[in-house]
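Student: My questions will all concern the structure given below.
Derivation of every value follows stated rules applied to the coordinates shown; laboratory data play no part. Quick caveat, the model's predicted, so the values are computed rather than measured. Note that each Cβ is placed from the backbone with ideal geometry, even for glycine, and that neighbours are counted across all protein chains shown.
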Amino acid sequence: MSKARYSIVVPVFNEEEVIGESYKRLKEVMDSTKEPYEIIFINDGSRDSTYEILNTISETNAQVKIIDFSRNFGHQVAISAGMDYASGSAVVVIDADLQDPPEVILRMIEKWKEGFDVVYGKRLKRNGETIFKKITARLYYRILKSMTNVDIPTDVGDFRLIDRKVCEVMKSLTEKSRYVRGLISWVGFKQTSVEYEREERFAGETKYPLVKMIGLAADGITSFSYKPLKLASYLGFIVSFFSFLFLLYVAYEKLFTNKTVQGWASLIAVCVLMNGVMFILLGIMGEYIGRIFEESKNRPLYIVKNELGFKNASSEDK
Ligand code: UDP
Ligand code: MG
């Protein structure tokens, strides 16, 4: 088979209900380009029949390749693996659940042909997501922007096209806590966006429960900013300043008035409050130290159990 011009990277985790349909839509779209392409599914430790379905698909279509993780390593890691294995001149990352319409890829390809190296999908509207998700997502992207020096565009997910040279740089980044959309912005090159409406999930439910979402959010901020660490010193200064004023006031009362001593409750309140602040700050330190710990272990980002459809894949050597 001739070398693929486009690599479509699709991370999947328990997507048995949607995977058939997304393959169909992707295939239609990519066939219409009349150029060689490959679709790489990364099975991120699915516990349902996703892998079997993928396997059947790949048997009938040589353009479909599968990377099968030994367990669930997470969405961002799955995307990174896809980039490692992709061979196309342009690599497109897309979710499996059809929230990002595959048809938008054609517009991305157009931009790429105009000479852009990164074309990201900008969500104009999010259909079928909860108000809570919409609000927190909006807020989060703005906080992230204000905290980091990297120009991470707002309301942009991982749905994007990157040129081979950007992909090569991404492959050379070894950090373990991956925030792919941030890394791609950090890399630079000529970037642009295409706008689209985020659809409702085709079937099934989100594989990003709140806890995972918070984890991703924390990765985003801590990978690109150490401003939260500075919070401690700012707060320290502010609190010391006001404590000093308060001290003056107490001394004044003692020396020049004859008010009786009172205020046990307010004393406790201040103690408790300050303790709370301390714990928050300790927690922030912990977040960073934990990440340093992760990096220093230097374990591989992911473990592949099985690969299907790649030229030098073990399954084809037999
Ligand atoms: N996904 C994954 N590993 C995970 C969680 C999610 O590969 O641990 C995949 C999932 O199958 C989907 C994409 O990442 O293709 C986005 O997940 P989802 O649609 O559940 O997230 P949401 O759109 O709700 O933020
Ligand atoms: Mg989704």
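Student: How would segment 161-235 be classified by its alpha-carbon gyration tensor: rounded, prolate or oblate, with rounded meaning a/c under 1.5 and the a/b versus b/c comparison settling the rest?
Tutor: Numbers: a/c = 1.94, a/b = 1.14, b/c = 1.69.
Oblate, because a/c is 1.5 or more while a/b does not exceed b/c.
Student: Classify segment 93-162 as rounded, prolate or oblate, taking a ≥ b ≥ c as the square roots of the eigenvalues of its Cα gyration tensor: rounded when a/c is under 1.5, otherwise prolate if a/b is larger than b/c and oblate if not. Before the final figure, lay out the partial values.
Tutor: Numbers: a/c = 2.90, a/b = 1.29, b/c = 2.26.
Cα axes put segment 93-162 in the oblate bin.
Student: Helix 264-297 versus the longest principal axis of the chain: what angle, 0 to 90°, nearest 10, using Cα atoms?
Tutor: 30
Student: Could the peptides 282-290, 244-252 be put in order, highest first, of the mean number of other beta-carbon atoms found within 10 Å of their residues? Provide the component values of the computation, followed by the final result.
Tutor: Values: 282-290: 12.9, 244-252: 10.1.
Result, highest mean first: 282-290, 244-252.
Student: Compute the acute angle (0 to 90°) between the alpha-carbon long axis of helix 19-31 and the principal axis of greatest extent of the alpha-carbon atoms of the chain; round to the nearest 10°.
Tutor: Orientation of helix 19-31: about 60 degrees from the principal axis.
Student: Assign unit charges at the C-beta atoms only (+1 for Lys and Arg, -1 for Asp and Glu), then state the dipole size of the chain relative to its Cα centre in Debye, rounded to the nearest 20.
Tutor: Details: 43 positive and 41 negative charges, 247 e Å.
So the dipole magnitude of the chain works out to roughly 1180 debye.
Student: Additional query: Between L255, L161, L54, find the one with the highest GNM mean-square fluctuation for the chain; connect C-alpha pairs within less than 10 Å.
Tutor: L255
Student: Now a separate question. Hey, can you rank 219-229, 135-145 by average C-beta count inside 10 Å, highest first? Intermediate values should be presented prior to the final figure.
Tutor: Details: 219-229: 17.7, 135-145: 14.5.
Answer by packing, highest mean first, reads 219-229, 135-145.
Student: Compute the length gained on full extension between L245 and R299: take 0.36 nm times their separation in residues and subtract their Cα-Cα distance, giving the result in nm to one decimal. If you can, show how the numbers build up before the last one.
Tutor: Working: separation 54, 0.36 × 54 = 19.44 nm, distance 5.13 nm.
Roughly 14.3 nm would be gained on extension.
Student: Something else: So, R0 is 25 Å and r is the distance between the beta-carbons of L282 and I143; what FRET efficiency does that work out to, to 0.05?
Tutor: On the way: r = 21 Å, r/R0 = 0.84.
Efficiency for this residue pair is about 0.75.
Student: How many percent of DSSP beta bridges within the chain run antiparallel, rounded to 5?
Tutor: Values: 12 of 36 bridges.
Roughly 35 percent of the beta bridges in the chain run antiparallel, per DSSP.
Student: Right, another one. Each residue of segment 219-235 in turn: what ³J(HN,Hα) in whole Hz from Karplus with 6.51, -1.76, 1.60 and θ = phi - 60°, glycine and Pro shown as x?
Tutor: Once rounded to whole Hz, the list reads 4, x, 6, 5, 6, 10, 8, 10, 4, x, 5, 6, 3, 4, 5, 4, 4.
Student: In addition: Once a ≥ b ≥ c are taken as the square roots of the eigenvalues of the Cα gyration tensor of segment 1-153, is the result rounded (a/c under 1.5), prolate (a/b larger than b/c) or oblate (a/b not larger than b/c)?
Tutor: On the way: a/c = 1.73, a/b = 1.27, b/c = 1.36.
Here segment 1-153 falls in the oblate category.
Student: Still on this model: Please name which of Y252, G215, Q191 has its Cα lying farthest along the dipole of segment 189-268 towards the positive end, using unit charges on Cβ (Lys, Arg +1; Asp, Glu -1) and the Cα centre as origin.
Tutor: Y252
Student: Could I ask something else about it? Given the convex hull over the Cα atoms of segment 123-178, what projected area results after averaging over all orientations, in nm²?
Tutor: Working: hull surface 21.2 nm².
Its Cα hull, projected and averaged over all orientations, spans 5.3 nm².
Student: Using alpha carbons only, what's the Rg to Rh ratio of segment 205-276 with Rh from Kirkwood? Walk me through the numbers before you get to the answer.
Tutor: On the way: Rg = 20.9 Å, Rh = 16.3 Å.
That ratio is 1.28, to two decimals.
Student: Among the lysines, which have Cα under 23 Å from the Cα of K65 when same-chain residues fewer than 8 positions away are ignored?
Tutor: K3, K24, K27, K34, K165, K171, K207, K305, K311, K318
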